[in-house]
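Trainee: Here you go, one structure.
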Amino acid sequence: METLILTDPMTDPDQGILEKALGKKYKLFTDFTNKINEQNMVLEWHYYNDSKSWLCKILLGKKNHGWLSVWNTGFKLTFFFTEKTVEGVRSLEISDEIKEGIGSIRPVGKLRPIILLATNKSLMKDGIKILDYKAKLK
């Protein structure tokens with residue numbers, strides 16, 4: 001069973017906390033952050049009372065392109081697309097598992113969530129491809 005990590009509102013998720021929480025997946029996390037930094041994206045951590053956890057916005061300028069959360073199994077990336085723009089995700093060269101999951105997650109209002117657990121380099125690269133696509137949307 002997956003467990004959300006980083007739930008202490010008094011403990012900012014700094015490098016040491018993230019390294020401890022992610023364990024062997026920390027290298028994958030740093031690879032991911034290096035890639036998004038190359039694209040001028042930044043991570044912005046906030047504690048959210050409604051979820052009782054730290055969540056991270058993936059920002060390009062002031063626009064939120066996705067969310068990152070830390071779990072005992074790795075880190076999750078969550079993206080939201082409109083019905084119109086989610087079709088573009090299906091045309092990306094990403095894993096079929098992600099494409100098949102698009103229709104299986106209940107919409108949030110008018111938005112279609114795409115959630116992937118970045119447990120290996122292939123899924124992390126798919127997350128980067130989705131972020132690239134999202135950055136190109138207007």
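Coordinate-derived values only; no laboratory data. Being a predicted model, the structure only gives us computed values, none of them experimental. Backbone-built Cβ (ideal geometry, glycine too); neighbour counts: all protein chains shown.
Trainee: Checking the table K25/K138; K52/K99; K76/K121; K20/K62 against a 24 Å threshold on Cα-Cα, which pairs fail?
Mentor: Violating the 24 Å Cα-Cα cut-off are K25/K138; K52/K99; K20/K62.
Trainee: Quantify how much of the Cα-Cα distance distribution of the range 79-138 extends past 15 Å, in percent.
Mentor: Beyond 15 Å sits 44 percent of the P(r) for the range 79-138.
Trainee: Working only with C-alpha atoms, what are the Rg and Dmax values of the range 40-104, expressed in angstrom?
Mentor: Considering the range 40-104 through its Cα atoms, Rg and Dmax are 13.6, 36 Å.
Trainee: Now for a separate question. Within the range 22-94, which trypsin sites (Lys or Arg not before Pro) sit in a loop by DSSP and count at most 16 neighbouring Cβ atoms inside 10 Å?
Mentor: K52, K62
Trainee: Same structure, new question: Pull up the cross-link candidates among the aspartates and glutamates for K35, meaning alpha carbon to alpha carbon under 13 Å and not fewer than 8 places away within one chain.
Mentor: D126, D132
Trainee: Could you tell me what fraction of 2.2 N^0.38 Å the Cα radius of gyration of the range 9-129 comes to, as a two-decimal ratio?
Mentor: Against the compact-globule rule of thumb, the ratio is 1.05.
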